[in-house]
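Trainee: Following this message is one structure expressed as structure tokens.
Read-outs throughout are calculated quantities, based only on the coordinates presented, and are distinct from any laboratory measurement. Since the model is a prediction, treat every value here as computed from it, not as a measurement. Note that each Cβ is placed from the backbone with ideal geometry, even for glycine, and that neighbours are counted across all protein chains shown.
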Amino acid sequence: MNWFIFFVFPVAQSYLFGCYYDYNQPLVLPEQLPVDTCTHVLLIGAVLVKNLGVTVVQHPYNGFDVLQSMRDYRVRSSNGLKFVPSLLGDDVEWKIALKDAESRRIFIAALIDFAKSQKIDGLDFDWEYPCGDYKSIYTDFIQELRTTVLGIFGKDFLLTTAVGAGKNTIDDCYEMGKLGQLLDLIHLMTYDYHSIYDKQTGYSSPIYAKSVETGEARYFNTEWSAAYLVELGVPREKILIGLEGLGHTFQLMNSTIHDFAAPVVGTGYGGGWMTFVEFCLLIKSAGSHWDDEAKVNYTFYKDQWTNVGDVRAAAEKALFVKANGYGGAFTFGLHLDDPADICQHGETFPIHRTVARYLQ
Ligand SMILES: *[C@@H]1O[C@H](CO)[C@@H](O)[C@H](O)[C@H]1NC(C)=O
Ligand SMILES: *[C@@H]1O[C@H](CO)[C@@H](O)[C@H](O)[C@H]1NC(C)=O
């Protein structure tokens, strides 16, 4: 059943492409954002859950200006771009806002006021994560919000949420089957599968398990997480597959052992993280290696090892989405792409344009 795709996006667009955007990263200004590439833009960091309501940040930047610049971006786009702010908040603030029916009533009223005054097309929730007692309370909140939103804005107003991709997170924090019915879209964060906690090298966002991975190790990849949501009752067309413009860096224990699952002693350079642009510059001199099982590119240099999503992996992800009938993809985010073609891929925003092209 595809009513969502046909009614919410009447433009001939079969796959959705959500793009998170964090203004608090000076590399990409709102005026530079590529038009006719994303189907919805998820402004993150500017709007926070606070005191049973929503607060627009005032420092270190004026969030109201950025909200306006997103409405301008919507006007510049000719593909019916939707503007969907993504709400962040401290764990304690989410818990205060969702605690009981009365607090949720007040919070939902504040969300509606915000939606009206800011002329937005939907709301995305990025609470990491509503676990334990809050697992079912989160569903109550979404159910109540859905009812209210339908009455005021109708079906076109999007309600979406970001969901962690690990099995434990999914099991402990979301009533996935119910949420899959209530929400329009699930932004499945199919990344950060491996980090130095594993004490060995691993990919941030593999599409598939490797043949050497057995048992529970086979849960840590995009294919498994997305299939798990379907098994739990989420309609395929509501699942958007995530791409992250960041990856983890590792310091190898022995620089001559640098394959998948090589022993590491800790995080590598860059404080443990590397962006897509840093990765593409690094591999120009250090070279790169393609893992055709996981469908990712990695590199190593002396005792350093890292894997970040690149254009080739992005193309593979888009193909994976289409081959499996998922609703589309999303990125985290526009602010981590290459707006000046520093990487020399022959176009600006190469990750975003590649995904958009392959999803067609
Ligand atoms: C690193 O690994 C190589 C190859 O297995 C081995 O010959 C060498 O002794 C190791 N170096 C250290 C310092 O353990
Ligand atoms: C790794 O990614 C870069 C950037 O997309 C690409 O130029 C390079 O060819 C890739 N390496 C391999 C081995 O595919």
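Trainee: Please give me the summed charge of the neighbours of G266: other residues whose Cβ is under 13 Å from its Cβ, Lys and Arg +1, Asp and Glu -1.
Mentor: On the way: positive: K199; negative: D198, D303.
Charge balance in the 13 Å sphere: -1.
Trainee: If one computes the Cα centroid of the stretch 229-259 and of the stretch 83-154, what distance in Å separates the two points?
Mentor: 28
Trainee: Nothing charged except the Cβ atoms of Lys and Arg (+1) and of Asp and Glu (-1): what's the magnitude of the dipole of the chain about its Cα centre? Round to the nearest 20 debye. Intermediate values should be presented prior to the final figure.
Mentor: Working: 29 positive and 43 negative charges, 140 e Å.
Rounded to the nearest 20 debye, it is 680 debye.
Trainee: Normalising by the residue count of the chain, find the relative contact order in percent from Cα pairs under 8 Å and 6+ residues apart. It would help to have the intermediate numbers written out before the result.
Mentor: Working: 750 pairs, mean separation 59.5, N = 360.
Computed over the chain, the figure is 17 percent.
Trainee: Could you pull out every one of the lysines with an alpha carbon less than 28 Å from that of K167, ignoring same-chain neighbours closer than 8 positions?
Mentor: Result set, ordered by chain and number: K95, K99, K135, K178, K199, K210, K238, K295, K317, K322.
Trainee: Under 19 Å Cα-Cα from K302, which aspartates and glutamates qualify once same-chain neighbours fewer than 8 residues away are excluded?
Mentor: Those aspartates and glutamates meeting the cut-off are D259, E278.
Trainee: Could you tell me which of T256, L150, G215 has its Cα farthest along the dipole of the chain towards the positive end, charges placed at Cβ (Lys, Arg +1; Asp, Glu -1), taken about the Cα centre?
Mentor: Positive-end residue among those listed: L150.
Trainee: Defining a contact as two alpha carbons under 8 Å apart and six or more residues distant in sequence, what relative contact order in percent does the stretch 205-354 show?
Mentor: Values: 265 pairs, mean separation 40.2, N = 150.
Relative CO of the stretch 205-354 lands at 27 percent.
Trainee: Over the stretch 142-223, calculate the relative contact order: mean separation of alpha carbon pairs under 8 Å at least 6 apart, over the residue count, as a percent.
Mentor: On the way: 94 pairs, mean separation 20.8, N = 82.
The value is 25 percent.
Trainee: Sticking with this one: Using a cut-off of 14 Å between beta-carbons, work out the net charge of the residues near H352 (Lys and Arg +1, Asp and Glu -1, H352 not included).
Mentor: On the way: positive: K317, R353, R357; negative: D36, E244, D310, D337, D338, D341, E347.
Value of the local net charge: -4.
Trainee: Return one number: the angle in degrees, 0 to 90 and rounded to the nearest 10, between the long axis of the Cα atoms of helix 101-118 and the longest principal axis of the Cα atoms of the chain.
Mentor: Long axis of 101-118 versus the principal axis of the chain: about 80 degrees.
Trainee: I need the shape label for the stretch 296-360. Rule: rounded when a/c is under 1.5, else prolate if a/b > b/c, else oblate, with a, b, c from the alpha carbon gyration tensor. Provide the component values of the computation, followed by the final result.
Mentor: On the way: a/c = 2.32, a/b = 1.38, b/c = 1.68.
Because a/c hits 1.5 or more and a/b fails to exceed b/c, the stretch 296-360 counts as oblate.
Trainee: Sort 214-224, 193-203 by packing, meaning the average of other beta carbons within 10 Å per residue, with the highest value first. Display every interim value, and only then the final one.
Mentor: Values: 214-224: 16.2, 193-203: 19.1.
Answer by packing, highest mean first, reads 193-203, 214-224.
Trainee: I need the shape label for the stretch 99-151. Rule: rounded when a/c is under 1.5, else prolate if a/b > b/c, else oblate, with a, b, c from the alpha carbon gyration tensor. Spell out each step's value before the answer.
Mentor: On the way: a/c = 2.10, a/b = 1.61, b/c = 1.31.
Judged from the Cα gyration tensor, the stretch 99-151 comes out prolate (a/c at least 1.5, a/b above b/c).
Trainee: If you don't mind, another one. Which is farthest toward the positive dipole end of the stretch 48-144 among Q58, G89, G132, measuring Cα position about the Cα centre, with Cβ charges +1 (Lys, Arg) and -1 (Asp, Glu)?
Mentor: Toward the positive end, the furthest listed residue is Q58.
Trainee: In what order do T275, T161 fall by count of nearby beta-carbon atoms within 10 Å, going from fewest to most? Could you put the intermediate results ahead of the total?
Mentor: Details: T275 20, T161 23.
Lowest to highest Cβ neighbour count: T275, T161.
Trainee: Measure nothing fancy, just the Cα-based angle from helix 134-153's long axis to the longest principal axis of the chain, in degrees from 0 to 90, nearest 10.
Mentor: 50
Trainee: At a Cα cut-off below 13 Å, give the aspartates and glutamates reachable from K155, other chains included and same-chain residues fewer than 8 away excluded.
Mentor: Partners within reach: D121, D184.
Trainee: Using unit Cβ charges (K, R positive; D, E negative) and no other charged atoms, how large, in debye to the nearest 20, is the dipole of the stretch 251-360 about its Cα centre? Provide the component values of the computation, followed by the final result.
Mentor: On the way: 8 positive and 12 negative charges, 42 e Å.
Here the size comes out at about 200 debye.
Trainee: Sort the following peptides by mean Cβ neighbour count (other Cβ atoms within 10 Å, averaged over residues), highest first: 263-271, 229-237, 179-187, 150-158.
Mentor: Result, highest mean first: 179-187, 229-237, 263-271, 150-158.
Trainee: Classify the stretch 1-159 from the C-alpha gyration tensor, please: rounded if a/c falls under 1.5, else prolate or oblate depending on whether a/b exceeds b/c. Don't skip to the end; give the middle numbers.
Mentor: On the way: a/c = 1.92, a/b = 1.26, b/c = 1.52.
Because a/c hits 1.5 or more and a/b fails to exceed b/c, the stretch 1-159 counts as oblate.
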